[in-house]
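Peer 1: My structure is below; once you've seen it, I'll send some questions.
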Amino acid sequence: MTSDSTPRIPSGAAGRTVQDYIDETPRWADATPVRYSPITSMQWLIWGLAAAGKFFEGMVVFTTGVALPLMGKEFALGATEKGVVAASSLFGILIGATLLGGLADRYGRKQMFIAEMVLFGLFTAILALSPTYLIAVAALVGIGVALGCDYPTAHLIISESIPSRIRGRMVLAAFGFQAVGGLLGTALGFLILFENPDLGAWRWMYASTIVLAVPVLIGRFFIVQSPLWLMFRGRIEEARAATERLLRRDPAYPKEVVLQHPGGSR
């Protein structure tokens, strides 16, 4: 052990898995009894940022319900065109979740977590500024693809960072924020329409989503890469450092992280 709070791996020491450390019940130096492993600030941050993706999904879908009559008047849409607008983001979610979900395995959880929110903000800005019906539909599909791709990424990054005893509950709780986003999207849409009752109000409804997305995007830059993903890529030292950041507590526990090499014995 070094004198600072960041431990180092003793050379040649036998290792443990990342999940062993995540599930471990702390044994504090002052003998304070702990019956379960408390969630660290980094674990809460990861969970909150994952829940935000589900929040935006609900917000966009329900905002479209409020914005659709205004879009219909501005672009002179018929019943078929209105149906396409209503279904566009859902179609994009289907495409993103089924065809692009595996990108997090290839490029990394954190990288995709960031890229998805960048694409969400970009397509939302295009939607708010769209001059035609076709561009609005394309932007809605793009928003859906970004949010759909966030489905598996959010599930993975929560599952690989949270103690197994509460993993299921935490995943379900994060996905439950779809309903919160839907309620807020509807309320915000009607509030904007009340304050600005003209055809262009629908653009402000979507633009307000970008304001909420910016801090989420910034926050995703500050989370740790999944230690488990790093382990599977053979990046043991990076995985050790990520595990230490993920489980950083005061007082420090675990006091040292020694990870088992893939295929090695415990």
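Peer 1: Can you tell me which residue within region 154-198, out of those that are charged (D, E, K, R) and at pLDDT below 90, is nearest to L45 (Cα to Cα)?
Peer 2: In this case the residue turns out to be R165.
Peer 1: Which residue pairs have Cβ atoms under 8 Å apart, sit 6 or more places apart or on different chains, and have a first residue in region 188-209 that is within 17 Å of F75 (Cα to Cα) and a second that is of a type in the set (D, E)?
Peer 2: From region 188-209, the pairs are L199/E74; G200/E74; W202/E74.
Peer 1: Also, I was wondering about something else. So which pairs qualify, if the first residue must be in region 29-49 and modelled with pLDDT of 80 or more, the second must be part of a loop (DSSP other than H, G, I, E, B) and among the basic types (K, R), the Cβ gap must be under 6 Å, and the two must be at least 6 apart or on different chains?
Peer 2: Filtered contacts from region 29-49: T40/R249.
Peer 1: Among the residues of region 157-173, is there at least one that is within 14 Å of the chain's Cα centre (by Cα), under 23 Å from A239 (Cβ atoms) and either surrounded by fewer than 16 Cβ atoms within 10 Å (Cβ to Cβ) or free of Cβ contacts under 8 Å to residues at least 24 places away in the same chain (or both)?
Peer 2: yes
Peer 1: Please give the number of the condition A213 fails out of (1) touching a strand residue (DSSP E or B) at 6+ places or on another chain (Cβ under 8 Å); (2) of a type in the set (A, V, I, L, M, F, W, C); (3) assigned by TED's automatic domain parsing to the domain that holds G144.
Peer 2: Of the numbered conditions (1) touching a strand residue (DSSP E or B) at 6+ places or on another chain (Cβ under 8 Å); (2) of a type in the set (A, V, I, L, M, F, W, C); (3) assigned by TED's automatic domain parsing to the domain that holds G144, the odd one out for A213 is (1).
Peer 1: Report, by residue number, each residue of region 115-124 that is buried (at least 18 other Cβ atoms within 10 Å of the Cβ) and among the hydrophobic types (A, V, I, L, M, F, W, C).
Peer 2: Passing the criteria: A115, M117, L119, F120, F123.
Peer 1: In region 69-97, which residues are without any contact (Cβ under 8 Å) to a residue 24 or more places away in the chain and either assigned to a helix (DSSP H, G or I) or closer than 18 Å to A207 by Cβ (or both)?
Peer 2: P69, G72, A79, T80, K82, G83, A86, A87
Peer 1: Only one of these is in contact with a helix residue (DSSP H, G or I) (Cβ under 9 Å, 6 or more places away or on another chain), closer than 28 Å to P152 by Cβ and either assigned by TED's automatic domain parsing to the domain that holds E74 or exposed (fewer than 12 other Cβ atoms within 10 Å of the Cβ) (or both): L230, L183. Name it.
Peer 2: So the residue among L230, L183 that is in contact with a helix residue (DSSP H, G or I) (Cβ under 9 Å, 6 or more places away or on another chain), closer than 28 Å to P152 by Cβ and either assigned by TED's automatic domain parsing to the domain that holds E74 or exposed (fewer than 12 other Cβ atoms within 10 Å of the Cβ) (or both) is L183.
Peer 1: If I ask for residues that are small (G, A, S), in a helix (DSSP H, G or I) and under 30 Å from E24 (Cβ atoms), which ones from region 134-175 would you list?
Peer 2: Of everything in region 134-175, those that are small (G, A, S), in a helix (DSSP H, G or I) and under 30 Å from E24 (Cβ atoms) turn out to be A154, S159, S164, G168, A173, A174.
Peer 1: Condition (residue is without any contact (Cβ under 8 Å) to a residue 40 or more places away in the chain, part of a helix (DSSP H, G or I), touching a Ser or Thr at 6+ places or on another chain (Cβ under 8 Å) and not hydroxyl-bearing (S, T, Y)) applied to region 216-239: is it met by at least one residue?
Peer 2: There is no residue in region 216-239 that is without any contact (Cβ under 8 Å) to a residue 40 or more places away in the chain, part of a helix (DSSP H, G or I), touching a Ser or Thr at 6+ places or on another chain (Cβ under 8 Å) and not hydroxyl-bearing (S, T, Y).
Peer 1: Follow-up. Right, D198: in a loop (DSSP other than H, G, I, E, B), out of contact with any helix residue (DSSP H, G or I) (no Cβ under 8 Å at 6 or more places or on another chain), exposed (fewer than 14 other Cβ atoms within 10 Å of the Cβ) and outside the structural domain of V61 (by TED's automatic domain parsing) or not?
Peer 2: Considered against the rule, which asks whether it is in a loop (DSSP other than H, G, I, E, B), out of contact with any helix residue (DSSP H, G or I) (no Cβ under 8 Å at 6 or more places or on another chain), exposed (fewer than 14 other Cβ atoms within 10 Å of the Cβ) and outside the structural domain of V61 (by TED's automatic domain parsing), D198 comes out as no.
Peer 1: P131 is checked against (1) assigned to a helix (DSSP H, G or I); (2) of a type outside the set (S, T, Y); (3) under 24 Å from F194 (Cα atoms); (4) more than 26 Å from the chain's Cα centre (by Cα) and fails just one. What number does that condition carry?
Peer 2: (1)
The values are calculated or read from the model by the stated rules, or taken from the named source; none is laboratory data. Quick caveat: nothing in here was measured; it's all calculated off a predicted structure. Counting neighbours? That spans all protein chains shown, and the Cβs are built from the backbone with ideal geometry, glycine included.
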